1. Could you pull out every whole DSSP H run in the chain that spans at least 24 Å of Cα extent along its own axis and averages -0.5 or higher on the Kyte-Doolittle scale?
2. Counting Lys and Arg as +1 and Asp and Glu as -1, what is the net charge of the other residues whose Cβ lies under 13 Å from the Cβ of Thr62?
3. Of the listed pairs Lys41/Lys100; Lys246/Lys273; Lys205/Lys245; Lys41/Lys67; Lys67/Lys246; Lys2/Lys57, which have alpha-carbon separations greater than 21 Å here?
4. Exactly which trypsin sites (Lys or Arg not before Pro) in the stretch 28-123 are in a DSSP loop and have at most 15 other Cβ atoms within 10 Å?
5. Based on the Cβ-Cβ distance from Lys307 to Ala66, what FRET efficiency comes out when R0 is 22 Å, to the nearest 0.05?
6. Amide H neighbours of Gln278 under 5 Å, at least 5 residues apart or on other chains, H built in the peptide plane: list them.
7. Given the options Asn285, Leu106, Gly142, identify the residue whose Cα lies farthest towards the positive end of the charge dipole of the chain (+1 on Cβ of Lys, Arg; -1 on Cβ of Asp, Glu).
8. Relative contact order (percent) for the chain, with alpha-carbon contacts under 8 angstrom and 6 or more residues of separation?
Amino acid sequence: MKVTIVGAGNVGATCADAIAYRRIASEIVLVDIREGFAEGKALDITQTQTTLGFNTKVVGSTNDYAKTAGSDVVVITSGVPRKPGMTREELIGINAGIVKGVAESLLQHSPNAIFVIVSNPMDTMTYLAYKSLGLPKNRIIGMGGTLDSSRFKTYLSLALDKPANDIQGMVIGGHGDTTMIPLTRLASYNGVPVSQFLSEEALAKVAADTMVGGATLTGLLGTSAWYAPGASVAYLVDAILNDQKKMIPCSVFLEGEYGQSDICIGVPCIIGKNGVEQIVDIQLNEAEKALFAKSADAVRNMNNDLKS
Ligand code: NAI
């Protein structure tokens with residue numbers, strides 16, 4: 001199975017590394033616009049083969065899309081990340097042009113690929129890819145919910161002082177500091193609602209920390225994070241290539257689901273070899289429904305900036 005990742009920067013290269021050493025694909029092509037950069041990252045990752053024990057072929061390319069031909073999954077991480085104090089939304093002007101051009105070049109060489117969009121503002125970039133490529137909605141997947149949910153489970157694990165892998169939880173809605181919705185009501189520790197262990201105040205703090213999870217790291221690192229984002233992309237690519245039928249919150253095009261249409265926003269999806277195989281309609285309570293509608297309004301406003 002072949003995966004192309006465009007953008008060999010922090011997120012793209014970390015994700016390529018994880019896909020390689022976890023043997024998720026047999027071939028990875030890294031593409032970047034910076035002369036020699038993707039080739040360098042590919043060679044560096046290849047030189048971990050003998051110490052980490054994998055055989056994945058990793059190839060780099062400076063904007064030569066012929067090398068990406070026949071990819072099963074293509075991942076778009078090209079674009080500008082945010083700096084401290086910036087919102088994801090402020091990146092729209094620069095990243096829209098990059099994502100559209102890259103997506104069209106990828107489709108030319110891999111007409112059957114499933115597209116994973118990572119560049120921010122991710123919901124709007126996913127919508128842009130959906131609208132400009134004309135592919136069926138199951139083949140355009142925005143990655144944000146995997147990362148936000150893993151941050152949510154991390155903060156729950158810290159508050160509970162229990163292993164993160166014993167915790168279940170999901171973040172839906174937009175992939176933005178004020179638009180994401182950590183579903184605290186449905187989070188559990190081995191199936192037992194976390195509300196049995198944590199006070200309302202403690203749960204509210206977990207939700208608030210999750211929502212600014214990315215901004216906290218941007219403040220600490222001086223640029224946006226890459227280990228958890230890269231691993232989250234690899235997790236999603238694994239679910240597609242290995243037909244895992246995992247339930248993962250992803251940004252997908254909605255046609256009436258959750259009361260929304262003509263928008264890409266995070267909802268729980270079953271992910272397998274066909275990409276989005278099912279949108280799972282979970283029963284939200286009235287407060288959650290109101291948050292989802294507000295989140296969708298904000299994402300829709302951002303989508304309007306694409307037209308200006
Ligand atoms: P980075 O700056 O380290 O890497 C971006 C790479 O894209 C650079 O190497 C750059 O040369 C390349 N690039 C720019 N224009 C290109 C083009 N036209 N063709 C090919 N390559 C091109 O940035 P980083 O940290 O990897 O972030 C990438 C994007 O992912 C940003 O938009 C960031 O906001 C977003 N992001 C999204 C997350 C999510 O959960 N959806 C999580 C973290 C980052």
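1. On the way: long enough: 92-109 (26 Å, 0.75); 286-307 (32 Å, -0.73).
The qualifying helices are 92-109.
2. On the way: positive: Arg34, Lys41, Lys67; negative: Asp32, Glu35, Glu39, Asp64.
Once positives and negatives cancel, what remains is -1.
3. Values: Lys41/Lys100 24 Å; Lys246/Lys273 11 Å; Lys205/Lys245 32 Å; Lys41/Lys67 16 Å; Lys67/Lys246 30 Å; Lys2/Lys57 9 Å.
From Lys41/Lys100; Lys246/Lys273; Lys205/Lys245; Lys41/Lys67; Lys67/Lys246; Lys2/Lys57, over 21 Å: Lys41/Lys100; Lys205/Lys245; Lys67/Lys246.
4. On the way: sites: Arg34, Lys41, Lys57, Lys67, Arg82, Arg88, Lys100; in loops: Arg34, Arg82.
The qualifying sites are Arg34.
5. Details: r = 33 Å, r/R0 = 1.50.
Calculated transfer efficiency: 0.10.
6. Amide H to amide H, under 5 Å and 5 or more residues apart or across chains, Gln278 pairs with Ile270.
7. Leu106
8. Rounded, it is 18 percent for the chain.
FYI, it's all coordinate maths here, none of it is from the lab. This structure is a prediction, so every number in the text was calculated from the model and none was measured. Neighbour counts run over all protein chains shown; Cβ positions are idealised from the backbone, glycine included.
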